[in-house]
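The values are calculated or read from the model by the stated rules, or taken from the named source; none is laboratory data. Fair warning: this is a prediction, and the values are worked out from it, not measured in the lab. So basically every Cβ, Gly included, is an ideal-geometry build from the backbone, and we count neighbours across all protein chains shown.
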Amino acid sequence: MSLKNFVTSKTFLMQLAIAVVLVIVVIYASLKWLDSTTNHGQEIPVPDLTKMSVSKAGQSLQEVNLTYEVLDTMDFNKDYPPYSVVQQDPLPNVNVKENRKIYLKVNAGTYNDVKLPNLIQKTYRQALPNLLAAGLKEGRKTYKPYLAKDVVLEMWQDGKKLKAGDMVQKTSEIDFVLGDGKATYNHSDLDDFEDEEDEGVNAAYEEGNKANK
């Protein structure tokens, strides 16, 4: 039988038709399988988890077949409960597929500690911006006799005297003891100052001699 006769034969045409039907069935079945495995067309709106505890947020996500992962703990924000959700990705009401992971950032339990800057012997005008920049607040101001007015002499918190470098909770109020500018030098004070200065010079001289030996 020639090729032309075979191609036009009833047997060939029947086999061709069967092959086309099989291809269509395979493609249709494949598309259905892809739809079922990728949840094509099935979208879930992400719930709003803001201010929820992590455990409650996890329960809310589980109810709609979503999962979560805590990415980070953020600095304490007083507008949110401790250890509650502050940020989420994707955002609320964004449509996602089943089993999508939602990333959470959680509020810290309290304010972090910060290092108290060295404000001693600075004027109040200089000290206040440095205090605020460290995340601390101004407390009470009291005065004591001192030659220079408004110079920081001491720093206190809740009845405890502080020094530069002490760790205090962020947003804490720091009390200042300032000079009143009304004190004057007397002769005995000047003698004491000169004695201290002489002792410092002598100590430096002795250290220099030791280094040269």
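Go through the range 1-72 and tell me which helices (runs of 4 or more DSSP H), entirely inside it, have 2 or more residues that are modelled with pLDDT of 80 or more.
10-38, 54-63
Could you pull out every one of the strands (runs of 3 or more DSSP E) wholly within the range 121-170 that has 2 or more residues that are touching a residue at least 12 places away in the same chain (Cβ under 8 Å) and not assigned by TED's automatic domain parsing to the domain that holds Asp75?
Filter on the range 121-170 gives 137-144, 149-157, 167-169.
Could you please tell me which pairs satisfy a Cβ distance under 8 Å, a separation of 6+ or placement on different chains, a first residue in the range 83-104 that is of a type in the set (Lys, Arg), and a second residue that is in a strand (DSSP E or B)?
Close Cβ pairs (under 8 Å, with a partner that is in a strand (DSSP E or B)) amount to Lys97/Ile44; Arg100/Ile44; Arg100/Thr67; Lys101/Thr67; Lys101/Tyr68; Lys101/Glu69.
When the range 92-114 is examined, which residues are found to be in a loop (DSSP other than H, G, I, E, B) and loosely packed, with under 15 Cβ neighbours inside 10 Å? Lay out the reasoning, then the answer.
Filtering the range 92-114 down to residues in a loop (DSSP other than H, G, I, E, B) leaves 92-94, 97-100, 108-112.
Passing the criteria: Pro92, Asn93, Val94, Lys97, Glu98, Asn99, Gly109, Thr110, Asn112.
What number goes with the only condition from (1) under 14 Å from Leu49 (Cβ atoms); (2) over 21 Å from the mean Cα position of the chain (by Cα); (3) among the aromatic types (Phe, Trp, Tyr) that Trp156 does not pass?
For Trp156, the exception is condition (1).
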